[in-house]
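Every number here is computed from the coordinates shown, using simple stated rules; none is lab data. Just so it is clear, the structure is predicted and the values come from calculations on it, not from any experiment. Because the Cβ atoms are built from the backbone with ideal geometry, glycine has one as well, and the counts that use them run over all protein chains shown.
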Amino acid sequence: MTPPTLPYSTVVVLGAAQYAGRPSPAFQRRLDHALALYRAGGVQTIVVTGGRQPGDPYSEGEVGRDYLARQGIPARALLAETRSRTTIENLRGARSFLPPGTPLTLVTDEAHAPRALALAKALDLTANASPSPLRRQPDWKYLLREKLALVAYRLLGVQGSAHKERAGETPPGPQL
C-alpha cells in the first residue's frame, strides 16, 4: 500500500457547483478535505477556484473562500479565483495568484484527480493530488466521462510544453 502523499504548502481546491451562495455537496466535500489538510499542518495557502454561471451573483471561488473562512481559516491564508469555468481555467487562474514554480496540491474528487493532474502537467505545474471522497453512490456517467476524457488526453498527446517553448517551437498537441 502506497502511503498518502503529503500536501504541498499551497492547496488548490478545484471548483464545483455552488447553489445560491452555498457549496454543492461535491464542492463541500472538496472544501472540507482542504480544511482537514490545513488543520493537519503544513498548508499555508488555499486557493479556491471557480467562476459563476451567467446571471449568478456568486462565484464558486468566493463561496468556497467564505465557507473556509467560516470554518476558522484566516483570511490571509485564503485566495479566491473567480473567473474560471473549466479545470484548465481553474489551474491557470490559480497559477496567476502564485509565484512562478509554486508546487501545488490539487484537491478535487477521486474520479477527477487523474485528469486534473494531467492538465497540471500539461501546464508544466509541479502538482500532486489529495482527492476528496466521492459520494456513496457516484454518478456512473460522471465516472465514465472522467475516464474517457483522460483517455482522450493521452491519445491527443496532452503534455507539458515548457521545453518546446524555450526552444522557440510550437508545442505539439491541442492548445489548452
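Quick rundown of the values:
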read-out	value
Cα-centre dipole for the range 79-139 with unit charges at Cβ (Lys and Arg positive, Asp and Glu negative), debye to 20	80 debye
Gyration tensor verdict on the range 12-109 (Cα atoms; rounded if a/c is under 1.5, prolate if a/b is larger than b/c, oblate otherwise)	oblate
Dipole magnitude of the range 1-91 about its Cα centre (Cβ charges: Lys, Arg +1; Asp, Glu -1), debye to nearest 20	140 debye
Packing-based ranking, highest mean first, of 112-119, 32-39 given that Cβ atoms within 10 Å are counted	112-119, 32-39
Projected label distance in nm at THR86 and SER24, using a 7 Å step from Cα toward the beta-carbon	1.7 nm
